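A short write-up of the structure that comes next.
The values are calculated or read from the model by the stated rules, or taken from the named source; none is laboratory data. Quantities reported herein were computed from a predicted structural model and do not represent experimental measurements. Cβ: placed from backbone, ideal geometry, glycine included. Neighbour counts: every protein chain shown. Heads up: the accessible areas ignore ligands, DNA and RNA and are worked out on the full protein's heavy atoms, side chains in. Shrake-Rupley method; radii C 1.70, N 1.55, O 1.52, S 1.80 Å.
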Amino acid sequence: MARTKNSFTYVDNEKLLLLSIMRKYVPLGTNQWKKVEKEYNASLTEQSFSERHRTFDSLKTMWTRLTEMKKPTGNPTLTRIEKEARQLTKMMDEKAGSKSIGIPAHLVGTAAESDEESDTDGGAGPSNTLESIRKSPLEYYSQNNG
């Protein structure tokens, strides 16, 4: 995918800023990524880098690139960015509950929104938790429609 005209590449300080904001929200769904986007861009504006406005899609793409970095060979020392990205990946896995089934959280998507964002009907209706997804289709259907 080609870079957008007049866009800026991420410098290390921007990557660290992204990781620190992600640590605060541990984003799995779009709502949480929007919060990351808002805080990230506000932080850049405070630092006089308003021309570097990033969309949440751009931030998610950078996150994906950070998680896909290969392990260093020859030099076992990880950079601060690599360490932060790995710690955050573990936090996201735990939040999503995907550790038990071996799916990285950034691939799970919106299956585990936070309680205040996903439980709008007081517990009635279909549930999008991983526990309900693990059930057989017949169990899921009978629980949510019967």
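I'd like the full set of residues that are over 9 Å from the mean Cα position of the chain (by Cα), farther than 13 Å from MET91 by Cβ and without any contact (Cβ under 8 Å) to a residue 60 or more places away in the chain, limited to region 22-35. Step through it out loud before you land on a result.
First, the residues of region 22-35 that are over 9 Å from the mean Cα position of the chain (by Cα): 23-24, 31, 34-35.
When the remaining residues are screened for being farther than 13 Å from MET91 by Cβ, the result is 31, 34-35.
Matches in region 22-35: LYS34, LYS35.
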**Q.** Subset of region 66-81 that is open to solvent by less than 70 Å² (accessible area, probe 1.4 Å) and at pLDDT 85 or above - its residue that is nearest to MET92 (Cα to Cα)
**A.** THR67
Q) Looking only at region 1-55, which residues are part of a loop (DSSP other than H, G, I, E, B) and either under 24 Å from GLN87 (Cα atoms) or at pLDDT 90 or above (or both)? A) THR9, TYR10, VAL11, VAL26, PRO27, LEU28, GLY29, ARG54, THR55
Q) Which residues, counting only those in region 55-84, are of a type in the set (A, V, I, L, M, F, W, C) and farther than 15 Å from VAL36 by Cα? A) LEU66, MET69, LEU78, ILE81
Q: Any chance you could count how many residues in region 4-46 are open to solvent by 40 Å² or more (accessible area, probe 1.4 Å) and not aliphatic (A, V, I, L, M)?
A: 20
